[in-house]
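Below is one structure, written out as structure tokens; comments come after it.
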Amino acid sequence: MTLDILKYTRRGAIAVMGVAAAALLAGAPAQAKVEGDTITLGSAISLTGKYSSNGLDSQNGYDLAAKRINETGGVKVGGKSYKLKVVYYDDESTPARTAQLLERLIKQDEVKFILGPYSSATTIAAAPVTEKYNVPMIEAEGASRALFNKGYKYLFAVLSTSEQYLASAVSLAAEIAEKNGKKPSDVRVALVFENDAFSLDVRAGVLDDMKKFGMQTVIDDKMPTDLSDISATLTKVKALKPDLLVISGHNKGAVTAARQIKELQVDVPIIAMTHCEGAKIVQQFGASADGYLCPTQWAETLSYSDKYFGSAAEYDKLFKATFEGYTNVPYQAAQASAAVLVWKEALERANSFDTAKVRDAIAATDTMTFYGPIKFSPAGNNVAKPMVLRQIQNGEYVVVAPSKYASHPVEWPRKGK
Amino acid sequence: MLDNINLLTLAPSLNVQLLLDGLFIGAIFVLAAYGLALVWGVMNVKNLAQGEFVIMGGYLAWHLGTYNVHPILSLPIVAILMFGFGWVLYVAIIKYVVTRDLFTSLLATFGIALVVQQALNLAYGPEVRTAESGFGTRSFFGGLVTVAEIKFISFALAVLLAAGVIVFMKKSRMGQAIRATSQDPRAAKVMGINTEKVYAFTYALNGAICGAAGVLVSMIWVIQPFYGVPHSIRSFVIVTAAGLGNLPGVILAGLGLGMAEQYSGFVLGAQFQQATVVGLLVVVLVWRQIQMAQHRQVVK
């Protein structure tokens, strides 16, 4: 606890400094996108408000990558080596503010290369602005499908979208069914999702994949945002005995579900849920959480690597050495760093600062990073990187799917009690 | 929906599970609702911060847990702290709105609710928390019915607390003074009762009861700074349904509401669990209206 407090105060101090810096910048004269030997990237990010802790993780990710690129020769455009600099404004975790600040970055500060804000909600507010000014934005923290069905031309996302979060759990259930001599279409699925944009995106992805295998839905309950009790739904799960239970409802959904699954002794062979780590369910519910499948954008144990950071594990080490107070590196930071790497490579390939040329260069990205492969669909989302599925085995998160990156076989049926 | 009802008839033991869960959680609803009925009946203040008091109690228990105080042991400590908090609030704010009209007290308590929410958010952050009791789970009917020991313990504690408050109201001098004040504040004053002190005590007692309920909530559900609202709504539904000054009614309505939530969650799905609470309120109000209309006809 004391350590936690220390960590938060330290992060708090960083936040205060960030705000102060932003305030100073606000008074500074408009700056060009490229000045001398410096290329300026801009971001409105949540340094205060409800997203502030994840916002700071993302900021650290951006800063670490910019620093790393500057140390390893910078960005070479037209035979000259440039340094990267990121300017930030604090959007206070409010989408309306994000949109305002992007106007300011683009119009007033003349920053023409944008890094995304933190969260889907703020990114959804940011995209129309960058689109209006034809300014490319590479974002790392907005996974909502609403970002990629509007025909945006200047929006690119390095992370997997939210429909992909638990889809891999469905294919895993199908694989397991086949291994046990059953048809995937015999698999019966219980769905418990919060009634909010993110969780319903996740649900849509799960439903798409279930349809592919012809699986049956036996329960399809939606949790209201402030519901702290799903025991009635779980009683139904116990009675209907599905083969797969899928749950998503942010941290609170994960905590509520993990606690009540334990209390009601719900015995489903495969349980997949989002936000296991954020909700600290292993620390809180111990052995009963064993066997849960938890999706993640990135894990430091994956075998991805690049020439900037080396392997995922090396990134993990460098990040911890650079920023104090982290016991594990959040994937939010890793994907933020990856977005900066994409900027670097795209600027070099475009060999120009013309936004249209740079935009086309970003669209043509097909690269490997410590965070995973990156290749954009016409809609701007990254289609090359799969969502990784980890299983809690003896209190540790181990990668079990996709099989190419799996470090452990999946434990089936789950043993947690 | 029909499938789910079918399921209940095919496996009757599921009903036992739902009824038990409803009963256990309903007992906690009763506590918070009783506190509301008290403040409402005695002071005519509709305390919109009821749910926030509950959540605040939960956070205090969680906080004490970080010093390795078991949540059950923290219950009396939290009750005392919340009693003090209620008293301070009375002296600082409620005192000035007791005699005012309905909207002033609604606004004031709504303001308190907002401040408590934001203060908890600042102090503990927006993450959900739980206080771990470390108790196990017992299963019956071959595992089809499970009872978490902590739910049973919290049920017993809720019953004990409620009984304690009832005895206190009946037997103690302060309890008598509270009842006298609620019947007729002016007469009570004339008889030498310090009504100001009675009001302060009543509001503080409500804080203590809610705080205790919050400790129980943190052990069996989850708490979050903004989760107070559903608890407030439940309290209002229960008190409205029972009618003021009807203690057995509050108990019945509370337990009934707990079970109704479980059944609607099972039959209609989790998305309708809270809608049921509000739906029941509408039904109760309509029913009351009809009753009153009939009553009026008799008088005419």
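Determine whether A:Val268 is more than 7 Å from every other protein chain (Cβ to nearest Cβ), surrounded by fewer than 24 Cβ atoms within 10 Å (Cβ to Cβ) and touching a residue at least 40 places away in the same chain (Cβ under 8 Å). In short, yes.
In the set B:Ile72, B:Ile77, which member is at pLDDT 95 or above and part of a helix (DSSP H, G or I)? Write out each step before concluding.
Numbers: B:Ile72 fails: at pLDDT 95 or above.
Step by step, each of B:Ile72, B:Ile77 is checked, and only B:Ile77 is at pLDDT 95 or above and part of a helix (DSSP H, G or I).
Scanning the stretch B:105-125 for residues that are modelled with pLDDT of 90 or more and of a type in the set (A, V, I, L, M, F, W, C) yields B:Leu106, B:Leu107, B:Ala108, B:Phe110, B:Ile112, B:Ala113, B:Leu114, B:Val115, B:Val116, B:Ala119, B:Leu120, B:Ala123.
Among the residues of the stretch B:24-31, is there at least one that is touching a Phe, Trp or Tyr at 6+ places or on another chain (Cβ under 9 Å) and closer than 27 Å to B:Thr195 by Cβ? Looking for residues that are touching a Phe, Trp or Tyr at 6+ places or on another chain (Cβ under 9 Å) and closer than 27 Å to B:Thr195 by Cβ, one finds none in the stretch B:24-31, hence no. The single condition from (1) modelled with pLDDT of 90 or more; (2) more than 22 Å from A:Ser231 (Cα to Cα) that B:Gln289 fails is (1).
For B:Gly279, the test of being surrounded by fewer than 22 Cβ atoms within 10 Å (Cβ to Cβ), under 26 Å from A:Leu234 (Cα atoms) and in contact with a strand residue (DSSP E or B) (Cβ under 8 Å, 6 or more places away or on another chain) is failed.
Anything in the stretch A:217-234 that is under 20 Å from B:Gly258 (Cα atoms) and more than 7 Å from chain B (Cβ to nearest Cβ)? List them, or say none. Step through it out loud before you land on a result.
First, pick out the residues of the stretch A:217-234 that are under 20 Å from B:Gly258 (Cα atoms): A:221-234.
Answer for the stretch A:217-234, where residues must be under 20 Å from B:Gly258 (Cα atoms) and more than 7 Å from chain B (Cβ to nearest Cβ): A:Thr225, A:Leu234.
Only one entry in B:Ser235, B:Ser218 is more than 14 Å from chain A (Cβ to nearest Cβ), under 29 Å from A:Ile261 (Cβ atoms) and not aliphatic (A, V, I, L, M), namely B:Ser235. Selection of first residues in the stretch B:258-282 that are without any contact (Cβ under 8 Å) to a residue 24 or more places away in the chain and within 16 Å of B:Asp21 (Cβ to Cβ) and of second residues that are surrounded by fewer than 21 Cβ atoms within 10 Å (Cβ to Cβ) and not basic (Lys, Arg), restricted to Cβ pairs under 6 Å at least 6 apart or on distinct chains, gives the following pairs, ordered by first then second residue: B:Ser264/B:Phe272; B:Ser264/B:Thr276; B:Thr276/B:Ala260.
How about the stretch B:144-178: which of its residues are over 24 Å from B:Val78 (Cβ atoms) and surrounded by 12 or more Cβ atoms within 10 Å (Cβ to Cβ)? Residues satisfying the conditions are B:Leu144, B:Val145, B:Thr146, B:Val147, B:Gln176, B:Ala177.
Got a sec? Which of B:Leu161, B:Leu122 is without any contact (Cβ under 8 Å) to a residue 12 or more places away in the chain and either in a helix (DSSP H, G or I) or of a type outside the set (A, V, I, L, M) (or both)?
On the way: B:Leu161 fails: without any contact (Cβ under 8 Å) to a residue 12 or more places away in the chain.
Just a single option satisfies the conditions, and that option is B:Leu122.
Picking from residues in the stretch A:184-216 that are within 12 Å of chain B (Cβ to nearest Cβ) and assigned to a strand (DSSP E or B), the one that is farthest from the chain's Cα centre (by Cα) is A:Ala190. Each residue in the stretch A:235-246 was checked for being touching a helix residue (DSSP H, G or I) at 6+ places or on another chain (Cβ under 9 Å) and either among the basic types (Lys, Arg) or away from chain B (no Cβ under 11 Å) (or both), and 6 of them qualify. Inside the stretch B:254-270, residues that are part of a helix (DSSP H, G or I) and facing chain A (nearest Cβ under 7 Å) make up a count of 4.
The values are calculated or read from the model by the stated rules, or taken from the named source; none is laboratory data. Note that the structure is a prediction, hence the values are computed from the model and not measured. Note: ideal-geometry Cβ built from the backbone for every residue, glycine included; neighbour counts use all protein chains shown.
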